[in-house]
Amino acid sequence: MTSAASAIEVRPGTGEGVAVRCRGVTKTYGSGGSAVRALRGIDLDVRAGELLMLVGPSGCGKTTLISVVAGVLDRDGGECEVFGADFEKMGSTERTRYRGKNIGFVFQSFNLIPTLTITENVAVPLLLNGVPRKAALARSREILTQVGLGDRTGEAPQRLSGGQQQRVAISRALVHEPKLIVCDEPTSALDHETGHKVMELLRGVAMGSGRSLIVVTHDNRIFEFADRIAHMDDGRVDRIVTSAKDLYGD
């Protein structure tokens, strides 16, 4: 870890209240005989200031669930509130604005734009939120410095290592100071050491301000970073634990 990142305090989530509240959430793809019930009545709370990991076998509904939580997919039934707001009670413009202000995304494949510098990539959420370009780029450079990339701000993404690109992606997710960060397999393309550095960064930088994180992962090497682990199977959350030992045993 760079000196900039290692200086960040890492602490457990201690915020009070609920960031995300799901009750009886269902989602089905298709219809008739080809219908796939991806979510079968999800009950889940994500606490303010915690890092919750969603784990379970492929196809159990993890990515569908975070897509519903983030307002990317509509649910079929049940209730889902993010900081007290329900995306399905919003119009499309209001939904986009609310998501752009309150939610940050970190993806497995980074999703950086190769024709932009990393500073410009990180500034995209600010620009979409109407921040003037000069101010957006200045804020982008600040957060890139915070994650240890202050000497690479003019580089194109493809000139960076995988771990560095993921740090850029994290910076992009944090630059507009959202209250919820949603991560889909953020370490699966990284080696063990780099994956741990990325999780230290997510935990320290993102949660230092009491933000909540939902991390979808198959990577049991990073379970130690979770406050709680929600295990999914066949479209349901079947148990929530505070330790990997409680999930799988020693």
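The values are calculated or read from the model by the stated rules, or taken from the named source; none is laboratory data. These numbers come from a predicted model, not from an experiment. Cβ placement follows ideal geometry from the backbone for every residue including glycine, while neighbour counts extend to all protein chains displayed.
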The strands (runs of 3 or more DSSP E) lying entirely within segment 176-243 that contain at least 1 residues which are under 15 Å from the mean Cα position of the chain (by Cα) are 180-184, 212-216, 228-233
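Yes or no, residue by residue, for (1) among the hydroxyl-bearing types (Ser, Thr, Tyr); (2) under 28 Å from Thr26 (Cβ atoms); (3) touching a His at 6+ places or on another chain (Cβ under 6 Å); (4) crowded, with 23+ Cβ neighbours inside 10 Å:
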| site | (1), (2), (3), (4) |
| --- | --- |
| Lys197 | no, no, no, no |
| Ser209 | yes, no, no, no |
| Ile214 | no, yes, no, yes |
| Asn220 | no, no, no, no |
| Asp227 | no, yes, no, no |
| Ala230 | no, yes, no, yes |
| Arg236 | no, yes, no, no |
| Thr242 | yes, yes, no, no |
| Asp246 | no, yes, no, no |
Next item on the list: Using the structure shown, decide if Thr119 is of a type outside the set (A, V, I, L, M) and either in contact with a helix residue (DSSP H, G or I) (Cβ under 6 Å, 6 or more places away or on another chain) or closer than 26 Å to Asp191 by Cβ (or both).
Entry: yes
Residues of segment 223-236 being on the phi < 0 side of the Ramachandran plot and in contact (Cβ under 8 Å) with a residue 40 or more places away in the chain, in sequence order, are Phe223, Phe225, Ala226, Asp227, Arg228, Ile229, Ala230, His231, Met232, Asp233, Arg236
Being touching a helix residue (DSSP H, G or I) at 6+ places or on another chain (Cβ under 9 Å) and free of Cβ contacts under 8 Å to residues at least 60 places away in the same chain narrows Val55, Val106, Val68 down to just Val68
Residue pairs within 7 Å by beta carbon, gap of at least six or interchain, first lying in segment 115-135 and free of Cβ contacts under 8 Å to residues at least 40 places away in the same chain, second surrounded by 13 or more Cβ atoms within 10 Å (Cβ to Cβ) and assigned to a helix (DSSP H, G or I), listed first then second, are Thr119/Leu137; Thr119/Ser140; Thr119/Arg141; Thr119/Leu144; Leu127/Ala136; Leu128/Gly100; Arg133/Leu127
Across segment 113-151, the tally of residues that are of a type outside the set (D, E, K, R), in a loop (DSSP other than H, G, I, E, B) and surrounded by fewer than 22 Cβ atoms within 10 Å (Cβ to Cβ) stands at 11
Requested in this report: Scan segment 80-99 and give yes if some residue there is at pLDDT 95 or above, surrounded by 14 or more Cβ atoms within 10 Å (Cβ to Cβ), touching a Lys or Arg at 6+ places or on another chain (Cβ under 8 Å) and under 18 Å from Met232 (Cβ atoms), otherwise no.
Outcome: yes
The one condition Thr115 fails out of (1) at pLDDT 95 or above; (2) of a type in the set (S, T, N, Q); (3) within 20 Å of Ile170 (Cβ to Cβ) is (3)
In segment 28-40, anything in contact with a Ser or Thr (Cβ under 7 Å, 6 or more places away or on another chain), without any contact (Cβ under 8 Å) to a residue 60 or more places away in the chain and under 26 Å from Val82 (Cα atoms) is listed as Val36
